[in-house]
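Here's the structure, in structure tokens; my notes come after.
The values are calculated or read from the model by the stated rules, or taken from the named source; none is laboratory data. This is a predicted model, so every value here is computed, not measured. Cβ coordinates were reconstructed from backbone atoms using ideal geometry, including for glycine residues, and neighbour counts include every protein chain displayed. Heads up: the accessible areas ignore ligands, DNA and RNA and are worked out on the full protein's heavy atoms, side chains in. Shrake-Rupley method; radii C 1.70, N 1.55, O 1.52, S 1.80 Å.
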Amino acid sequence: MKIGFSTLALFMNSMEHFLETATNDGFQLMEMLCEGPYWPRNMLLMDKKEFEIFNSYDVSVFLHAPTIDLNPASLNPGIREETLKQLNETVDLAVEIGAKAITTHPGMINRLEDRIREWGMVYSIETLQKANDYAEGRGIKFSVENMPNRYAYFCNSAEEHEFFVKESGSYATVDTGHANTSDDPASFFKMKKIIYYHLNDNDGKKDQHLALGEGTFDLSLLNGVNNGIIELNNYENILKSRDLLVSLDQSISDVNAK
């Protein structure tokens, strides 16, 4: 497995610090969270020479699009339009820095009614489909993440996640912690077009972003995972999770060698 981390744990640090940390700690991947100082619209105004730093490190970069206060499923057309605009700007940033793909959320509803959820689903898929088309045109892979098992969230089951991916034409990002809150976490690992995984743990009830091994997530499900981004709030827990993944990989290798 190629292992990386989300810059969520190092939020507000510099791009050089992200890349230097990844290199020094043996990570092959990194997902940059595009919030705060890394908001794509602002970054696209930077001198392009500042992006050359990404060519100086042997780290494959993914981007997590802005999601705070945005919603592709909003019943408000202005919110959807702004969400699409920022998704497209994230794609543009990916092109500038040489990122492999971008991940985003499928949105949610704010009134818990079936008719609102059905309406929001149509809008979300429409928005995500447009963003995916734009990404394809720019040579970037566009991916939709599964969400925790709550009625308000879309892609809260593997079946619905698969439907969104198929209808929007996107790839899938599977979050292990989100999957663990569902009745059937293993079903997410059977999906097609998974580009990478967000790795974290919880108690099976809430999205807690615990270090791997500290919750109830079945670690055996990670067998066969190619690209894993450890997504936690604390960098020490990222290193703890990395060490666990390395030991699991070694155990699998030892079994296969026998």
Residue (of Phe188, His209, Phe27) at the positive-pole extreme of the chain, dipole from beta-carbon charges
Phe188
Label the range 162-258 by shape, choosing from rounded, prolate and oblate, from the square roots a ≥ b ≥ c of the eigenvalues of the Cα gyration tensor; if a/c is under 1.5 it is rounded, and otherwise prolate applies when a/b is larger than b/c, oblate when it is not.
oblate
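Do me a favour and compute the ellipsoid semi-axes for the range 45-188 from its Cα gyration tensor, root of five times each eigenvalue, largest one first, whole Å.
Working: eigenvalues 152, 65, 29 Å².
Ellipsoid half-lengths, sorted descending, are 28, 18, 12 Å.
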With a 1.4 Å probe and every protein chain left in place, tell me how much accessible area His178 has, in Å² to the nearest 10.
10 Å²
Carbon/sulfur accessible area of the chain, % of total, 1.4 Å probe, equals 48 percent
Total charge of the residues flanking Leu70 in space, meaning their Cβ is under 10 Å from its Cβ, with Lys and Arg +1 and Asp and Glu -1, is 0
Apply the membrane-span-like helix rule to the chain: whole DSSP H runs, Cα extent along the own long axis of at least 18 Å, mean Kyte-Doolittle hydropathy at least 1.0. List the helices found.
none
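Quick one: dipole size for the chain, taken about the Cα centre, charges +1 on Lys/Arg Cβ and -1 on Asp/Glu Cβ, in debye to the nearest 20.
Dipole about the Cα centre, nearest 20: 420 debye.
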Assuming a strict under-18 Å limit between Cα atoms, what lysine pair count do you get for the range 74-168 once near-sequence pairs (fewer than 8 apart, same chain) are dropped?
6
I need the shape label for the range 110-206. Rule: rounded when a/c is under 1.5, else prolate if a/b > b/c, else oblate, with a, b, c from the alpha carbon gyration tensor.
oblate
Sort the chain into rounded, prolate or oblate with this rule: let a ≥ b ≥ c be the square roots of the eigenvalues of the Cα gyration tensor; rounded if a/c is under 1.5, and if a/c is not under 1.5, prolate when a/b is larger than b/c, oblate otherwise.
oblate
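Work through the residues other than Met108 whose Cβ is under 15 Å from its Cβ and net out their charges, Lys, Arg +1 and Asp, Glu -1. Don't skip to the answer; put the middle values down first.
Details: positive: Arg80, Arg111, Arg117, Arg150; negative: Asp69, Glu113, Asp114, Glu118, Glu145, Glu160, Asp175, Asp207.
So the surrounding residues net to -4.
I need the trypsin sites (Lys or Arg not before Pro) found in the range 56-123, filtered to DSSP loop residues with at most 13 other beta carbons within 10 Å of theirs.
On the way: sites: Arg80, Lys85, Lys100, Arg111, Arg115, Arg117; in loops: Lys100, Arg111.
Sparse-neighbourhood loop trypsin sites (Lys or Arg not before Pro): Arg111.
Over the chain, average the accessible area per residue using a 1.4 Å probe and give it in Å², no decimals.
On the way: 12020 Å² over 258 residues.
Ligands and nucleic acids excluded, the figure is 47 Å² per residue.
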In nm, to one decimal, how far is the Ala186 label point from the Asp58 one, both placed 7 Å along Cα→Cβ?
3.8 nm
Exposure rule at most 16 other beta-carbon atoms within 10 Å, DSSP loop chymotrypsin sites (Phe, Trp or Tyr not before Pro): the chain longest free segment
152-258
